[in-house]
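The values are calculated or read from the model by the stated rules, or taken from the named source; none is laboratory data. None of the values given here were measured: they were computed from a predicted structure. As a convention, Cβ positions derive from the backbone with ideal geometry for all residues, glycine included, and neighbour counts pool all protein chains shown. Please note that ligands, DNA and RNA were not included when accessible areas were found on the heavy atoms of the full protein model with its side chains. Shrake-Rupley method; radii C 1.70, N 1.55, O 1.52, S 1.80 Å.
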Amino acid sequence: GGHIGNTFNSHRLIWKAREVGGSDLQEKVVESLFKAYFEENRSLGEQTVLEDCASRAGYSDSSEFLSNSELGKHEVKDEMQQFGRDFQCTGVPMFIIDGKFVLNGAQESDQFLRVFAKLG
C-alpha cells in the first residue's frame, strides 16, 4: 500500500460523496481510494490524491470541499462516535454484515464464512 498517514480527509471525502451522490457515488469513491492505496501505492493523506480519486469516481468538484478542513469534520466525527457506540467498534477495518454481524480488525476468511453461513 501507499504511505500511511492521517486518513481523516479521506473519511470526509467518503462522507461528502454520499451527500452529493448517494451510496452509489460513495461506493465508487471508496473503490477509487482503495485502488490508489493498495494498487498504486499512493498516500491518502495528500489532497491531490484524494481529488484524483474523487474525479476518477465521478465526483469532479471535490477540491473546494477538501480545501476547507472544517467542512464535514463534525459530521464525520459524529458518525465515528455513533458507529463506535452502536457496533462497539474496536478496530479497523470493521465489517458490518447484514446490519447485525460485526467483525473488528483484520479477519481470516473462515470468520467471514461463519457469518455468511448464519445468513444463509
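Can you tell me which residue within region 56-81, out of those that are open to solvent by less than 70 Å² (accessible area, probe 1.4 Å) and without any contact (Cβ under 8 Å) to a residue 24 or more places away in the chain, is farthest from F8 (Cα to Cα)?
Across region 56-81, the extreme among qualifying residues is S63.
Identify all residues within region 20-55 that are touching a residue at least 24 places away in the same chain (Cβ under 8 Å), under 14 Å from the mean Cα position of the chain (by Cα) and surrounded by fewer than 16 Cβ atoms within 10 Å (Cβ to Cβ); write none if there are none.
Those that are touching a residue at least 24 places away in the same chain (Cβ under 8 Å), under 14 Å from the mean Cα position of the chain (by Cα) and surrounded by fewer than 16 Cβ atoms within 10 Å (Cβ to Cβ): E31, F38.
Yes or no: Y59 in contact with a Gly (Cβ under 8 Å, 6 or more places away or on another chain), among the aromatic types (F, W, Y) and not in a helix (DSSP H, G or I)?
Yes, satisfied.
Can you find a residue that is part of a helix (DSSP H, G or I), open to solvent by 80 Å² or more (accessible area, probe 1.4 Å) and farther than 16 Å from F8 by Cα anywhere in region 90-105?
No - not one qualifying residue is present in region 90-105.
Tell me which residues, restricted to region 1-19, are under 13 Å from the mean Cα position of the chain (by Cα) and of a type outside the set (S, T, N, Q).
Passing the criteria: F8, H11, R12, L13, I14, W15, K16, A17, R18.
Looking only at region 72-113, count how many residues are among the polar types (S, T, N, Q), touching a Leu at 6+ places or on another chain (Cβ under 8 Å) and within 25 Å of E19 (Cα to Cα).
Selection size over region 72-113: 0.
Of everything in region 35-55, what is in a loop (DSSP other than H, G, I, E, B) and closer than 18 Å to W15 by Cα? Give them in sequence order.
Scanning region 35-55 gives L44, G45, E46.
Any idea how many residues of region 6-34 are touching a Leu at 6+ places or on another chain (Cβ under 7 Å) and assigned to a loop (DSSP other than H, G, I, E, B)?
Number of matching residues: 1.
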